[in-house]
Every structure is written in structure tokens, then in C-alpha cells.
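Worksheet: one structure, shown below.
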Amino acid sequence: MFKYIENILSDNIIDYLHDKYYSISHTDESSHDIWDSKMTEDKNLPPVYTTQLSGKDKTQIQFELFNRIQSPFYNMKDVKHCDAAIIKYPTGTKLPYHIDTSIASMTIFLNKKWRADDGGIFQWVEESGIKGVVPKYNCGVYAIFDSQQQGAEHGATEVIGKDHRAVLQIFLRKPGEIGIKYREGTLSH
């Protein structure tokens, strides 16, 4: 299951990522992917978009994740591939419940000021019910799975504040592990 963690990256790295990537819009040349309507569940909603991290930036993040003792990924030996991207959710978008396939994942929040009434609450399903976390700068959620588990079902509520919700999304994979499984039917939070 997902676990909440604070102060994930060093101050200089998180501030650098925020300053470099936070203001990038979907029209910027460095914004690589605009998600299709399956991810937002409605063709009339604004698009969610992803900006891939540059090689140097990705290397800095990997170094911190695998070498900082307080990191949940400290000294992980199974990792063969690390995906890292900035994902932005404009007002009106939401993330449907889905399951990531990876050996570990982490979502780090990049909004410096965010309130529960801004929406964009990260939610996941546990046997006891739905759990949720309000985005908080340099904090986030992570999950590490053994070889017998799949990722936990999770999503995010609709962004209703005026600002976009920005996250650094990280997936740690073994070779050949790529994919997302979507929940059938309509998303309800």
C-alpha cells in the first residue's frame, strides 16, 4: 500500500525542479505528452500533460532516491529502469483510478501552496476503505511491491483550484515492466 513521506528530496533539488519545470505549459516545446481522454475521462476537460526530465535532472533525482538514507528507495538493488517526469493537472482534470505496474512508485508534490479545497487529492484503495493525501510541497506517497504484488489502485480527485496540480512522478521498474491497468466504468470519488 501507499505510504506518506515528507521532505523527500533535498531543498536545493526540490526548489530547482520547481523553478525549472513548474511554469512549463502544454504549449511549451519541452512538454512532451498530452494525455488522451481515457486519463481524464472526458474529452471536454483540459488536457493533462507530461514533461520528461532532462538526463542531468533525472540523474540528480536518482542519486538522491538511491543514496539518501531517509529515502524509501535507499540502496534498492532490483531497479533496472527509472522513469521520472513532471505531470501537470489543470483545473477541471482528475486522475481515474488505475494500477501502475512497477516494483515501486513515488509521487512528489510540487505545489508550494495547496489546500484541500483545491481538489487534486491523491487517493488509494485499501481493504479498510479509500485513503487520501492533500498535496504538500516536497512531500508525497510511495509504494514498494514484492514480486508477488501488483501496484495499489489509486487516482486523484478533480482539480478545482485556479492553479494546476504539479507532481514529480517516479516509477522504478525491472526490464520489460511497463503498463497501467485502468478501472472499468466511471470514476467516482
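Throughout, read-outs are computed from the coordinates displayed, never taken from laboratory work. If you're wondering where the values come from, they're calculated on a predicted model, not measured in any experiment. Counting neighbours? That spans all protein chains shown, and the Cβs are built from the backbone with ideal geometry, glycine included.
Of the listed peptides 107-115, 12-20, 124-132, what is their order by residue-averaged count of other C-beta atoms within 10 Å, with the highest listed first?
Highest to lowest by the protection proxy: 107-115, 12-20, 124-132.
So who's got an amide H within less than 5 Å of the one on HIS81, skipping anything under 5 residues away but keeping other chains? H placed 1.01 Å off N, in plane.
Long-range HN contacts for HIS81: ARG173.
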